[in-house]
Structures are given as C-alpha cells and as structure tokens.
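S.K.: So that we are looking at the same thing, I have put the structure below in structure tokens.
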Amino acid sequence: MTEVRTEIPFEIDLEALSRSLHIKPESDHVKELAALVDKVREVGRPKAVYKESFIDDKGVETVSIDGVTFTSRVLRRNLDGVERVFPYIATCGNEVDRIDIPKDDFLQEFWLDAIKAQLLRSSISHVTGLFETKHKLGKTALMSPGSGDLEVWPIEQQREFFSLFGDVEGMIGVRLTDSFLMIPNKTVSGIRFQTEVDFQSCELCHREKCPSRRAPFNKELWESLQHE
C-alpha cells in the first residue's frame, strides 16, 4: 500500500541558517534572509511517498520488486537475504519554487536552495521515523538509483523506480526529466531495507570530492564485486 505524506512539519532556525550561510549578525543580509524564510514558512510543504514492497524474483544481477525489474549487481547482492523493502521518494515540495525572487538575484537563489535542503531533511527524517516507529525496521541500509559509480545502480532506472508508485507528480509534485533528474532539485529517492551489514553507496563511488559523501571509498568491497 502506497503512503503519501503531504503535511510534513518543518522548522527553520534563522540563526543557524545565517551561520551556515556565513551571514554576519550585523549584516543587512540578515533581514533579507529573514524575509525569505518567512515566505518559505508560509508556503513550504515538504512531502514524501513510500510503500511496503516485496521481492518477487532474484536473478544473477536482477531484482524484481512488485513486478518491476531492476538491474544492479550491488542491489542484488545487498538484497540477497531480504524479502521486504521500502521504496520512497522525499522532496522539499514544489511550492517553494514558486516564490518570486528578483531576476538575476543569485544570492537569494543560493539562500533558497539552502532552505530547500532543510525542508528535504525534514521530509527524509519524517519518513525514516515512520520506518523505525510504524514498521519497526531496526537497522537498515539505503540504495538509490544513480548513487555511487555509474554501474552500481544506473540512474536510468529512475524511470522504473518511479513506476513503483504510479503518478508521483500527482501525489507529491515530483517529476522526472528526460535525463532522469528529479524536479524539485531537492528530492531524493531510494530503497530502505533491513540489514545487519553497514552499507553506503558512497563506498562504491570513486568521486573523491563529492560534497554529499557519507562514507569513504571501500576498495575491498569494490574489488569483491568485480570478481563475483
């Protein structure tokens, strides 16, 4: 059953946000940022959709979930002893993209992007909280299409991933572009599953200077996958 969450609460700490954006308390920018935050508080609606799904079939490098087949050796390996998974999409919400920002005001666009990231974190926290409290998942790991090196789980399979839910844009306002990017830009997708083994897709990514890196590259894990 698909669960849609459109009333996710969020908070924006103006002082903490100012510090993260390196805006000094005495700066005139503080008032401008506060005005932008007020607009976001008025219209912002972070959202999420998720479902409890079951694995139908497993091939050598494929996994079928609710009738949708994904090709990824890493996903297949990680789900080897798993039968139940939780696909989800979390977003900052497209309402904030409608806030009127003066043309070519790149500073406010930068600020808004940082605020959208906070809304996204609220959405992710809400969904993961449900996994812990409602579904009692315990220790979990996450895999996302396009995360890690290209061959880990190709981003092209976002289309198949979205098909698990149906009309994602109608449910939470997220659409997939022809290049498989998600709009709004502060949106994430992935499959959460129970595991006793620590895993991050970052462990299989060679990109050294990724700002979103959550774990160091694991050469031993990478090499073990090449020889399977």
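S.K.: Checking the structure you have, find out if any residue of the stretch 25-35 is basic (Lys, Arg), in a helix (DSSP H, G or I), more than 26 Å from GLU169 (Cβ to Cβ) and free of Cβ contacts under 8 Å to residues at least 60 places away in the same chain.
M.R.: Yes.
S.K.: Another question, if that's okay. State yes or no: is VAL40 of a type in the set (Val, Ile, Thr), at pLDDT below 95 and outside any loop (DSSP other than H, G, I, E, B)?
M.R.: No; evaluated as a whole, the condition is false for this residue.
S.K.: Which residues, counting only those in the stretch 1-24, are assigned to a loop (DSSP other than H, G, I, E, B), touching a residue at least 12 places away in the same chain (Cβ under 8 Å) and surrounded by 10 or more Cβ atoms within 10 Å (Cβ to Cβ)?
M.R.: Selection gives THR6, ILE8, PHE10, ILE12, LEU21.
S.K.: Since VAL63 meets every condition but one in (1) within 28 Å of SER122 (Cβ to Cβ); (2) among the aliphatic types (A, V, I, L, M); (3) buried (at least 21 other Cβ atoms within 10 Å of the Cβ), which condition does it not meet?
M.R.: (1)
S.K.: I'd like the full set of residues that are of a type in the set (D, E, K, R) and surrounded by 12 or more Cβ atoms within 10 Å (Cβ to Cβ), limited to the stretch 25-36.
M.R.: GLU32
S.K.: If you scan the stretch 148-163, which residues turn out to be closer than 22 Å to GLU52 by Cβ and surrounded by fewer than 22 Cβ atoms within 10 Å (Cβ to Cβ)?
M.R.: GLN157, GLN158, ARG159, GLU160, SER163
S.K.: When only residues in the stretch 103-117 that are surrounded by fewer than 12 Cβ atoms within 10 Å (Cβ to Cβ) and in a loop (DSSP other than H, G, I, E, B) count, which is modelled with the highest pLDDT?
M.R.: ASP104
S.K.: Look through the stretch 145-195, keep the residues that are of a type in the set (Lys, Arg) and within 20 Å of HIS126 (Cα to Cα), and return whichever of them is modelled with the lowest pLDDT. Explain how you work it out, then say what you get.
M.R.: So in the stretch 145-195, the residues of a type in the set (Lys, Arg) come out as 159, 175, 186, 192.
Next, from what is left, pick out any that are within 20 Å of HIS126 (Cα to Cα): 186, 192.
Values: LYS186: 97, ARG192: 93.
Of everything passing the filter in the stretch 145-195, ARG192 is modelled with the lowest pLDDT.
The values are calculated or read from the model by the stated rules, or taken from the named source; none is laboratory data. Remember, it's a predicted structure, so these values are computed and weren't measured experimentally. Methodologically, a virtual Cβ is constructed for each residue, glycine included, from the backbone with ideal geometry; neighbour enumeration extends over all protein chains shown.
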